[in-house]
1. Could you state the principal axis extents of the C-alpha atoms in the range 34-167, from the largest down, to the nearest angstrom?
2. Which trypsin sites (Lys or Arg not before Pro) from the range 18-57 combine a DSSP loop assignment with at most 13 other Cβ atoms within 10 Å?
3. Before rounding to the nearest 500, sum -39500 (n - 2.57) across all DSSP H runs of length at least 4 in the chain and divide by the residue total; then give [θ] at 222 nm in deg cm²/dmol.
4. On the principal axes of its Cα set, how long, how wide and how thick is the range 242-297? Give whole Å, largest value first.
5. Order of 187-196, 122-131 by packing, highest average Cβ count within 10 Å first?
6. For the chain, give the percent of accessible area contributed by carbon and sulfur heavy atoms, probe 1.4 Å, rounded to a whole number.
7. Quick one: what do you get for the chain if you divide its Cα Rg by 2.2 N^0.38 Å?
8. With a 1.4 Å probe and all protein chains left in place, how much accessible area per residue does the chain have, in Å²?
Amino acid sequence: MTAMPDTTPQTSTLLHAPVIDWFGVHARDLPWRRPEAGPWGVMVSEFMLQQTPVSRVLPMYEQWLARWPRPADLAAEPPGEAVRAWGRLGYPRRALRLHAAATAITERHGGEVPDDHAKLLALPGVGEYTAAAVASFAYGRRHAVLDTNVRRVFARAVSGTQYPPNATTAAERRLARALLPEDEAVAARWAAATMELGALVCTARTPGCARCPIAGECAWLAAGSPEHDGPPRRGQTYAGTDRQVRGKLLAVLREAVAPVPQAALDAVWHEPVQRARALDGLVADGLVEPLADGLYRLPLT
Ligand code: SF4
């Protein structure tokens with residue numbers, strides 16, 4: 001049986017100050033962390049950063065905020081424009097979800113991103129992670145913000161395992177809550193700091209333990225950095241997948257100023273069954289709108 005991680009208040013406190021102090025020195029100057037980003041900027045960044053590295057998000061984020069500085073600006077345009085502007089960030093359903101959230105913010109909250117976790121969670125397209133991240137990063141609220149970086153830091157530093165489980169577990173949520181500092185402002189800082197530590201130091205393949213502020217407290221390091229012995233970790237294949245075909249089909253529609261014929265879509269992928277499946281999936285997801293005359297376009301409604 002695996003030993004329960006030590007999350008006594010004393011252990012938690014031993015981790016808080018070093019991680020938060022390290023963050024104060026090493027945090028990257030990212031545009032969504034600046035005061036001028038505001039809650040809307042934080043929300044946009046959180047949608048874009050899911051499964052996407054910072055380097056790819058930065059230019060899209062700047063363009064997005066320049067075009068749609070408030071939720072109402074985005075809500076005033078068709079959802080297809082959000083898909084178009086999403087460019088090659090990947091997982092384009094996020095663009096539709098962000099558009100739907102902007103519309104709900106405009107209609108239900110007078111155009112202001114709500115500051116309350118429950119209200120955020122009630123927005124379309126906003127899940128537990130995003131609600132916690134926006135409440136914490138934009139409004140300084142006390143929430144456990146569990147992204148892959150934070151989960152990896154906790155798995156190693158506290159649970160003593162090289163990698164967290166493939167999907168977030170109830171035990172991880174409990175651990176994250178147990179580790180949250182009591183003070184609201186400190187808890188918000190801790191959430192951002194642990195995420196940054198996972199992104200910059202406690203990285204997936206080559207953790208920089210020699211420069212880690214909590215190396216002295218790390219359970220995994222203390223155990224001799226044992227190799228992962230759990231289920232195989234999920235790979236991120238892309239070439240040849242339906243995701244790749246969907247990306248190619250959407251690229252045609254993004255670049256078109258008018259509806260495109262089927263032939264233009266057929267030209268981007270050689271295998272007809274997979275191509276049809278990918279297109280059907282895009283239509284079912286609301287990312288592509290089929291028209292009666294055999295033409296396709298990005299969604300207008
Ligand atoms: S000591 Fe190494 S493994 Fe432990 S938290 Fe720091 S970087 Fe991660």
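The values are calculated or read from the model by the stated rules, or taken from the named source; none is laboratory data. Just so we're clear, the structure is a prediction, and the values are computed from it rather than from any experiment. Here Cβ is always computed from backbone atoms with ideal geometry, including for glycine, and neighbour counts include all displayed protein chains. SASA here: full protein model, heavy atoms, side chains in, ligands and nucleic acids out. Shrake-Rupley method; radii C 1.70, N 1.55, O 1.52, S 1.80 Å.
1. Here the spans come out as 49, 31, 26 Å, largest first.
2. Sparse-neighbourhood loop trypsin sites (Lys or Arg not before Pro): ARG28.
3. Helix-only estimate at 222 nm: -16000 deg cm²/dmol.
4. So the extents along the principal axes, rounded to whole Å, are 24, 21, 18.
5. 187-196, 122-131
6. 55
7. Computed over Cα atoms of the chain, the ratio equals 1.11.
8. Averaged over the residues of the chain, the accessible area is 50 Å².
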